[in-house]
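Down below is the structure, laid out as structure tokens.
The values are calculated or read from the model by the stated rules, or taken from the named source; none is laboratory data. Fair warning: this is a prediction, and the values are worked out from it, not measured in the lab. FYI the Cβ positions are ideal-geometry reconstructions off the backbone, even for glycines, and counts take in every protein chain you see.
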Amino acid sequence: MLNIADLGQFVIDGDEEGIIENVNLLIEAKTDPIAIINEGLLSGMNVVGEKFKNGDMFVPEVLMAARAMNAGMVIVKPLIADQDMPSLGTIVIGTVKGDLHDIGKNLVVMMLESAGFKVVDLGIDVKVEQFVAAVKEHNADIVGMSAMLTTTMTYMQEVIKACQDEGLTVKYLVGGAPLSPAYSEKLGAIYAADASGAVDTAKALTA
Ligand code: B1M
């Protein structure tokens, strides 16, 4: 019988079939579904995050690992009541208005979900009203914004102003190639250079 801690290696290897087979075996053996998530799937993804940060894993491998982890999540989630699902906080995220780039944002979403955040992904070309409505609806802790164009990153300011005007007490996490820590600070937001940085920053913001 597989040891629960060994499940993480299947995530690191991006072995979707291995995950499906072994998660099912663990469930048949009456293993606690929360432990399967925390000690197996998420612990594997934490290693992936570290390896990505250190340059020991690259985007395609991270995507495969996230896909494998999600295949396990799909099996385990129905066995857990919503309120018992581990969650570090809720993040509403999107690529801002006028910007259609989503490869990096999607990677950030996967890593945040893998780390245990509830993520509401609004997609691309997201307008102020959509961010504001989603923050209210999901009682979000963090607004995450991605921009890849110098012409669209300025829109982040409008989103932050609208949230402030609505009296929403959220934190702001931003990223994308044209952004810098200095520019982000001027916005009143925290900058993350990559997906694992986004996870570390989101954890710090919700601690
Ligand atoms: Co576009 N594009 N593009 N493009 N594109 C860039 C961004 C560009 C730098 C290329 C260049 O000229 N060298 C340039 C921007 C120049 C600028 O403004 N400074 C550019 C341009 C000009 C354009 C168009 C205007 C081209 C045209 O039509 N004339 C057009 C604009 C369309 C629009 O958005 N309105 C356009 C279109 C496209 C495609 C549709 C063809 C395609 C996007 C497909 C898609 O995303 N579904 C595309 C692509 C693929 C690129 C490049 C080649 C690659 C971007 C990418 O996916 N990188 C890009 C050049 C480049 O970056 N080398 C370019 C891989 C990804 C994993 O990295 O997105 O940086 P990245 O995400 C990282 C971090 O930035 C960070 O974490 C991610 C993962 O580690 N991060 C966050 C990102 N979001 C975050 C959010 C966070 C935290 C971290 O918190 C919330």
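Counting residues in segment 34-53 that are under 29 Å from HIS138 (Cβ atoms), aromatic (Phe, Trp, Tyr), assigned to a helix (DSSP H, G or I) and not assigned by TED's automatic domain parsing to the domain that holds VAL199 gives one or more.
Do you know which of the residues in segment 177-193 that are outside any helix (DSSP H, G or I) and within 25 Å of ASN139 (Cα to Cα) is nearest to the ligand (Cβ to nearest atom)? The residue in question is ALA192.
Scanning segment 70-93 for residues that are of a type outside the set (Val, Ile, Thr), at pLDDT 90 or above and out of contact with any Lys or Arg (no Cβ under 9 Å at 6 or more places or on another chain) gives ALA71, GLY72. Take the conditions more than 10 Å from the ligand (Cβ to nearest atom), β-branched (Val, Ile, Thr) and in the same structural domain as ILE103 (by TED's automatic domain parsing) and apply them to VAL174. Does it pass? Criteria not met by VAL174. Just one of the listed residues (GLU28, GLU50) is surrounded by fewer than 17 Cβ atoms within 10 Å (Cβ to Cβ) and touching a residue at least 60 places away in the same chain (Cβ under 8 Å), and it is GLU50. Would you mind stating whether ASP141 is within 16 Å of the chain's Cα centre (by Cα) and modelled with pLDDT of 95 or more? In short, yes. Considering only residues that are of a type in the set (Gly, Ala, Ser) and touching a helix residue (DSSP H, G or I) at 6+ places or on another chain (Cβ under 8 Å), which ones fall in segment 74-89? Of everything in segment 74-89, just one residue is of a type in the set (Gly, Ala, Ser) and touching a helix residue (DSSP H, G or I) at 6+ places or on another chain (Cβ under 8 Å), namely GLY89.
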